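The next block holds one structure in the form of structure tokens; read it before the comments.
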Ligand code: UDX
């Protein structure tokens with residue numbers, strides 16, 4: 001099929017590249033001409049595992065093209081994916097300016113018949129508005145159907161997620177829309193692709209047929225916000241349990257494993273830490289809260305989740321203050337800036353919130369992240385006048401004269417750092433692990449004092465005591 005993808009952010013670029021990989025003719029377009037010029041020269045704007053290979057395959061087969069000529073891209077397509085950003089406004093609502101602008105562009109240049117597919121995360125009833133806008137500005141020059149097809153791609157595993165979805169949701173209010181989307185996703189639905197990670201057929205790399213769920217457009221739009229908000233809530237619940245464990249002297253890992261084994265709860269998204277971040281959960285949560293309010297529903301559960309998550313970085317800093325007493329003027333090493341491992345994205349990353357706050361209170365920071373250094377240099381702007389942030393070439397280097405090391409992103413690489421050599425460079429052997437990356441006991445073996453989330457700091461509390469022997473004859 002001939003497809004146009006408007007917007008080459010995480011969602012658009014991954015979707016466009018994968019659709020070309022499964023055999024469609026895809027033109028990706030974006031109003032950012034520089035980005036398109038870079039993509040044409042093979043320069044990727046983001047770090048995403050396997051994306052370079054999938055893009056290269058598309059370009060080589062000539063099924064994937066990039067252009068800043070949006071009108072031409074729209075004209076050539078049967079199906080138009082709208083993947084532009086919906087960033088949060090000051091009041092937490094999703095800003096729909098880009099979606100509206102793209103809709104009007106489509107209305108102005110389209111001819112024949114077009115399917116317009118919304119992939120951007122949008123407030124419920126956006127499809128209705130898109131439809132109305134198309135009708136208003138198209139003046140009958142073409143026929144169309146609007147489809148909502150929410151994406152569930154996680155950053156860092158977006159390519160895997162495209163080929164191995166649990167479900168494909170199609171919101172459609174028009175006859176023919178579902179058949180069009182079924183034809184478009186047929187290779188993924190039927191496992192007819194070679195896995196980009198290994199080049200082996202889908203069946204040989206764990207592919208399972210996804211559930212196909214066709215709904216109304218309003219339901220599809222709600223599913224996306226409801227899913228992300230539920231996951232945010234689940235993480236926040238795990239964080240609350242970790243606080244309780246600290247107060248009660250219990251181990252959050254044991255408690256969460258105990259509850260996650262109940263299949264009605266499940267073990268995923270129960271990792272406690274310094275809070276969720278990234279450009280989806282925080283913004284979707286506040287947008288969903290606002291949408292509910294506009295519809296006349298007070299979804300205060302979501303407001304509480306947001307407030308509790310916002311408090312996580314402060315709680316972590318309180319632990320550091322408790323351990324170091326005075327923060328002003330002290331040096332710490334920071335491992336990790338990305339909002340999660342596997343990405344260079346630092347948008348709304350709790351790690352960056354912590355770094356900024358520590359700089360504000362006068363700490364000196366040496367920092368390292370395996371992927372996010374370049375973006376951090378551009379985007380992580382320390383408070384004005386602060387020259388206390390140093391970027392290091394390796395994880396080991398952040399330890400130099402540090403009073404403490406802070407693990408803020410759970411990159412697996414950090415497990416393999418030379419922790420003995422790092423200890424020799426530090427002023428005080430203290431690690432605060434904001435992601436519970438290490439098993440208890442591992443860093444203590446190097447002589448570190450180790451403080452994590454919801455787990456006992458005193459190793460003696462973790463070591464099982466011998467059972468008390470009962471007196472003979474009792
Ligand atoms: C999310 C959704 O998972 C995806 O389906 C959606 O469409 C886009 O938003 P993403 O933002 O890439 O994906 O990251 P995700 O892996 O969901 O993690 C989000 C945040 O939650 C990260 O900051 C992560 O560190 C945090 N998290 C996740 C936890 O703190 N604990 C957990 O148990 C899981």
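Things to note:
- Of the peptides 195-206, 107-118, 42-53, the ranking by mean beta-carbon count within 10 Å, highest at the top, reads 107-118, 42-53, 195-206.
- Solution diffusion estimate, µm²/s, Stokes-Einstein, segment 308-460, Kirkwood Rh from C-alpha pairs, 4 °C, viscosity 1.567 mPa s: 85
- Kirkwood Rh in Å, taken over segment 213-263 so that all alpha-carbon pairs contribute: 12.9
- With one equal scatterer per alpha carbon and no solvent term, the Debye-computed log10 I(q)/I(0) for segment 384-451 at 0.13, 0.19 1/Å reads -0.35, -0.73.
- Angle in degrees between helix 51-60 and the longest Cα principal axis of the chain, rounded to the nearest 10: 30
- Peptides ranked, highest mean first, by Cβ atoms within 10 Å: ranges 92-100, 387-395: 92-100, 387-395
- Taking the inverse of the mean reciprocal distance over all distinct Cα pairs, the Kirkwood hydrodynamic radius of segment 225-300 comes to 13.6 Å.
- Descending Cα extents along the principal axes, segment 41-136, whole Å: 39, 37, 19
- Each peptide in 281-294, 8-21 receives the mean, over its residues, of other Cβ atoms within 10 Å, and ordering these scores from highest gives 8-21, 281-294.
- If you bin all the Cα-Cα distances of segment 264-322 at 10 Å, starting from zero, the percentages per bin are 20, 41, 30, 9, 1.
- C-alpha long axis of helix 350-360 to longest principal axis of the chain, angle in °: 60
- Taking N as its residue count, the alpha carbon Rg of segment 2-215 over 2.2 N^0.38 Å: 0.98
- Here segment 75-125 is treated as a sphere whose radius is the Kirkwood value from Cα pairs; by Stokes-Einstein at 10 °C and 1.306 mPa s it diffuses with a coefficient of 133 µm²/s.
- Using the rule -39500 (n - 2.57) for each DSSP H run of four or more residues, divided by the residues of the chain, the 222 nm mean residue ellipticity is -12500 deg cm²/dmol.
- Along its three principal directions, the equivalent ellipsoid of the chain from the Cα gyration tensor extends over semi-axes of 44, 25, 22 Å, largest first.
- Spherically averaged projected area in nm², based on the convex hull that wraps the Cα atoms of segment 13-59: 3.0
- The C-alpha atoms of the chain define a longest principal axis, and helix 300-324 lies at about 40 degrees to it.
- Normalised by the number of residues in the chain, the average gap of Cα pairs under 8 Å and 6 or more apart makes the relative contact order 11 percent.
Computed from the coordinates by the stated procedures, all read-outs in this text should not be read as laboratory data. Everything numeric here is computed off the predicted structure, so don't read it as measured data. Positions of Cβ are backbone-derived with ideal geometry, glycine not excepted, and every protein chain shown enters the neighbour counts.
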